[in-house]
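*Asks:* Please read through the structure below; I'll follow up with questions.
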């Protein structure tokens, strides 16, 4: 039978998806907090032990399930690589007097409001919780600051001066 008469939906295999790109610039270390590494390991286990077997059972007959399985496998490979290359950073010993990776920093914004930001790895970013990547301009402005320091955070709207009020680390 000519390939011209084979429907696309009759195809038994889908093209393999490429690996998800890393958000890290080349040569940059993949830092994670201990909690972030734990959450990624839990997600990987859930996807391998629960989601993948369910989809694999449906995939032989269902093209949508095959596509979903491919996306799941792509995410699984990403998680495995991220955990393989991760450097888990423990909180620094002693008092929390300098902003470091993993810190939760309370700052006073120019308008007078107080905001808490947590500096985390690229795979831990959660903007709803104000968790920002250690590579972000905000984190770069805050890193190495001390309580009472004023730092300048450069934004598209112009520079914003933030005052560091509190530094905490999860134990």
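Just so it is clear, none of the values below were taken in a lab; they were calculated from the coordinates. This one's a predicted model, so the numbers in the text were calculated from it and none came from an experiment. Please note: Cβ atoms are built from the backbone with ideal geometry, for glycine as well, and neighbour counts cover all protein chains shown.
*Asks:* Looking at the chain, what % of its DSSP beta bridges pair antiparallel, to the nearest 5?
*Replies:* Given both bridge residues lie in the chain, the antiparallel proportion sits at roughly 75 percent.
*Asks:* Under the rule a/c < 1.5 gives rounded, and otherwise a/b versus b/c splits prolate from oblate, where does the range 102-171 land using the Cα gyration tensor?
*Replies:* Oblate is the answer for the range 102-171, as a/c is 1.5 or above yet b/c matches or exceeds a/b.
*Asks:* A further question on this structure: Evaluate E = 1/(1 + (r/R0)^6) for residue 147 and residue 75, where r is the Cβ-Cβ distance and R0 equals 30 Å; express this FRET efficiency to the nearest 0.05.
*Replies:* 0.15
*Asks:* Using alpha carbon centroids, what distance separates the range 24-74 and the range 107-126, in Å?
*Replies:* With the range 24-74 and the range 107-126 each reduced to a Cα centre, they are spaced 28 Å.
*Asks:* If you don't mind, another one. What nm value, rounded to one decimal, do you get for the distance between residue 87 and residue 109 when each label is placed 7 Å out toward the C-beta?
*Replies:* Placing both labels 7 Å along Cα→Cβ, they lie 3.3 nm apart.
*Asks:* Set the Förster distance to 25 Å, then compute FRET efficiency between residue 43 and residue 116 from the Cβ-Cβ distance, nearest 0.05.
*Replies:* After rounding to 0.05, the efficiency reads 0.55.
*Asks:* While we're on this one: Between (i) 18.8, 65; (ii) 21.9, 76; (iii) 17.5, 59, which entry matches Rg and Dmax of the Cα atoms in Å as derived from the coordinates of this structure?
*Replies:* Here the calculated entry is (ii).
*Asks:* Would you mind computing, in nm to one decimal, how far apart the modelled labels at residue 20 and residue 163 are, each placed 7 Å from Cα along Cα→Cβ?
*Replies:* Result for the modelled spin labels: 4.1 nm.
*Asks:* Further question: What does the C-alpha gyration tensor say about the overall shape of the range 55-126? Classify as rounded when a/c is under 1.5, otherwise prolate if a/b is larger than b/c, or oblate.
*Replies:* It is oblate, given that a/c is not under 1.5 and a/b is not larger than b/c.
*Asks:* Could you work out how far apart the two model spin labels at residue 52 and residue 128 are, taking each label as a point 7 Å from the Cα in the direction of the beta carbon, and quote it in nm?
*Replies:* Distance between the two pseudo-spin positions: 2.7 nm.
*Asks:* Could you give me the percent of Cα pairs per 10 Å distance bin for the range 29-89, shortest bin first, beginning at zero and ending with the bin that holds the maximum distance?
*Replies:* Spelled out bin by bin, the range 29-89 gives 23, 43, 23, 10, 1 percent.
*Asks:* Please give the calculated 222 nm ellipticity per residue for the chain, where each DSSP H segment of at least 4 residues contributes -39500 (n - 2.57) and the sum is spread over every residue; nearest 500 deg cm²/dmol?
*Replies:* Taking each H run of at least 4 residues, the total per residue is -9000 deg cm²/dmol.
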